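The values are calculated or read from the model by the stated rules, or taken from the named source; none is laboratory data. Everything quoted here is computed from the prediction, not taken from an experiment. Don't worry about glycine lacking a Cβ; one is built from the backbone with ideal geometry, like all the others, and counts go over all protein chains shown. Heads up: the accessible areas ignore ligands, DNA and RNA and are worked out on the full protein's heavy atoms, side chains in. Shrake-Rupley method; radii C 1.70, N 1.55, O 1.52, S 1.80 Å.
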Amino acid sequence: MDTEALTVAYARVKAILDEAAGDSTADYGGAGRFWDKGAQALEAAEIFGIRMVAPVPEGRACCIPPHARSDASGLIKGLRGDAPFDGGRFPALPWGGKRVAPADVDRIADWIDAGCPDDATSVAVELAPGKPAKTATVKVSEIAEFAVAADGYSPAADAGEPRRRMNIDCMSEPQLERLRRGFRRLYDLDHWPEDRRNYNNQALIHQNHCQHGWERFLPWHRAYLYEFEQNLQDFEPGLMLPYWDFTMPEYRPEEPDKGRIIPNSMKAYLTEEAAETLLAALDPAPTAAQKKAILALARDRVTFTSQHSFFCYPINTIGYSAVTPDPANANRQCFIDALLHSNSLWYPLRYPAEYDGGGTINQVIHYHYPSADDIAQILSLNNFRDFGGGSIYDAAFGFLDQNPHNTMHIWTGGQNPDAGKAAYVCQGGPTATGTTPQPGAETARLRALTTRRNSAAQVGGRRFHARPDLYSQPDFGDMFSNLTASYDPVFWPIHVNIDRIWWEWQKLNPNALPADLDSVLSPWNYTIRDTLDIAPFGYEYVRSSHFMPVGLEAPVSRFVSQPINVPQAARSFKRAEIRLHQVPQLMRSCFVRAFLNEPGADASTPIKGNPHYAGYISIFGHGACYGGPGHCDIPPPQPRRFDQRGRSHNTPRVHRIDVTAAARQALKKKGPLQITLVVIGGDYQEERELLKLEGVSISFLD
């Protein structure tokens, strides 16, 4: 049985069929819309004598094919276009509507095989797969016990437990909201100029100390990312900086101007709270229809790649045109305030993929957007000079420093299409009709002169979140210049990805080192040598990770997770791992079998030829404690101050199971994953009072 059956209930089946039927008035021989009268009615429905849901197959459970009932059901045959719904006797279902997607047909089939549950509170589950046992109906809560942590992060409070930097496009909304909160807290610290953690001071470090074009480029930025991450964790414990894999298919590297441009989480949007405040501040006040449209914009979380694309929406689509590009325009300032309040990862001085005359990065800047092939070529280099940069003895830019690093600065910075404009010029619609006064001839001449002399991002006197700076209209985005790049939040996931690529290359070339390993990286006291291994910094890279807390208070004999929704962007992984976190030494030896999408698995579940079987680990038992009181107690996460002894023999460890093949098979369908772990002793019976652990996770790695 597939996990999808646990989450697809009658309401979902009805919604799929309603959407496919659309406005069709087909009567189905007098049965009407036979699927909208409830689960029991659908189970009994007939069309011209054909049962839409076949009866439960008779016979021994071990001898019945897994999808026998759904395959025999007229509804599934009709949705798939099989006889008699192949156009010979009847057309495919639904009549007069559109075809149901194969993945949704599979969902309905799983629902039938699960016993046609009326809602998600109970499902039919074969508690002992492969045995002649009667199928039992149990509550989902009885078999799906452990939920994913609210923010998806493991506590990782113990030694030896690295935190995970994830792909920003694979993060859940709670994880992204934690990231936004962390950035807001550092912005708020700008009210205390001397606090070194405030965002302005962090940005100034890059302005005053950044290293590019030689061996210190990669080590210096690794330290910089770590320091910034620690500041975030002062306010959001456990928060990790994500990486942006800009070569993913969603970004269409061959035609990047037609792709996603930047991560959705970093685009402009309005929250409903911010929209309400905005509507009260605009002058003239929007009409009732315009207010409704702006609120709908917020409710639906419509995102915009750039400031220009956002402002053209109220002008073109909503019809509110009392806004101009003038930095002093009060309505424009209100809109920018609302956008900043809504998403702290958006930045006004960012014009991604926008270049003079509407050209592309290739046409205007003569750069090409980095592709997966580019990264593969860089990873194939075998010396640090070519990969990361030459030393003071052999000056050379590293290829990683040039493309993708430099290119992504140019890509996200972009050129401001509204600089020096009196009105927004929006493609396919009217321009704005605000009342911004036009400059006199002398003022215009001086502005033109200034533009020629300083056609770059403004540097001097910058203070992050000093609103006059964020209302300005520079020619280029801040990412266009090394001196202002780190003011833009997109700086961080780009450089985290650069660090990730270095980490991947280090695993391929462990002995390829930069020169001058003892050189100090200012303004800190790290040396290049200190940055070569990410393990002491306490992080690793995964595409996506889902942690389910268990707790060490009581042993578990069988772990069954609730269904885990794996993001679409995470499904093209290279490796998948189930991890058992913080397992102490066990008294007896055992092994743990892992199954995916088989919640009823137990010690007798077949593993040979079973696509749900994912792998196992063996744990070597410690034996009975031979010491005195407390000898085998689990030690505290942190030793006593000045305790310089080695770690305890009973320090909990992390056990890992490679589940790549089974995970790929399970994720061929659109549904979620469900993990089952069965603890089996040396006698091949379930061990019910042995295994303790802090939690379980599944991670997808690049």
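A few remarks follow.
- Straight-line cross-link reach from K14 at under 12 Å between alpha-carbon atoms covers these aspartates and glutamates, not counting any fewer than eight positions away in the same chain: D36, D104, D118, D119.
- Computed lengthening from K670 to R299, 0.36 nm per intervening residue step minus Cα-Cα distance: 130.9 nm
- On Cα atoms only, tilt of 199-209 relative to the major axis of the chain in degrees: 70 degrees
- Spread of Cα-to-Cα distances over 5 Å intervals beginning at zero, given as percent, for the range 268-419: 2, 9, 14, 16, 13, 10, 10, 8, 7, 5, 4, 2, 1, 0
- Span from the the range 627-702 Cα centroid across to the the range 570-608 one, whole angstrom: 10 Å
- Amide H to amide H, with H built 1.01 Å from N, V148 comes under 5 Å of Q562, counting only residues 5 or more places away or on other chains.
- Spin-label pair E250-R647: with each label point 7 Å from Cα along the Cα-Cβ axis, the two points sit 3.5 nm from one another.
- Separation of alpha-carbon centers, the range 466-500 and the range 177-248, rounded to whole Å: 12 Å
- If the segment from A11 to D658 were pulled out straight at 0.36 nm per residue, it would be longer than the present Cα-Cα gap by 229.3 nm.
- Degrees between helix 217-233 axis and first principal axis of the chain (Cα, 0 to 90, nearest 10): 70 degrees
- Cα-projected label distance for R196 with R89, points at 7 Å along beta-carbon direction, nm: 8.1 nm
- Note on E46 and E553: the model spin-label points, each 7 Å out from Cα along the C-beta direction, lie 5.5 nm apart.
- Share of carbon and sulfur in the accessible heavy-atom surface of the chain [1.4 Å probe, %]: 51 percent
- Near the amide H of T324, within less than 5 Å, lie the amide hydrogens of R332, all on another chain or at least 5 residues away, with H placed in the peptide plane.
- Formal net charge of residues neighbouring F397 (Cβ-Cβ distance under 14 Å; K, R +1; D, E -1): -2
- FRET E, pair T317, E177, Förster distance 30 Å, beta-carbon r, rounded to 0.05: 0.65
- Full extension of the chain segment joining D71 with D516 gains 153.4 nm, where the gain is 0.36 nm per residue of separation less the Cα-Cα distance.
- Between 0 and 90°, nearest 10: helix 10-21 axis offset from the chain longest Cα axis: 70 degrees
- Amide hydrogen proximity for T527: with H placed 1.01 Å from N in the peptide plane, the residues at 5 or more positions away or on another chain lying under 5 Å are L521.
- P(r) weight above 52 Å for the chain, C-alpha pairs, percent: 23 percent
- FRET efficiency for the pair E686 and N525, taken as 1/(1 + (r/R0)^6) with r the Cβ-Cβ distance and R0 = 60 Å, rounds to 0.65.
- With a cut-off of 17 Å on the backbone N, the residues of the range 528-559 near the modelled label site 7 Å out from C625 along Cα-Cβ are 552-555.
- Residue (of P249, C625, G695) at the positive-pole extreme of the chain, dipole from beta-carbon charges: C625
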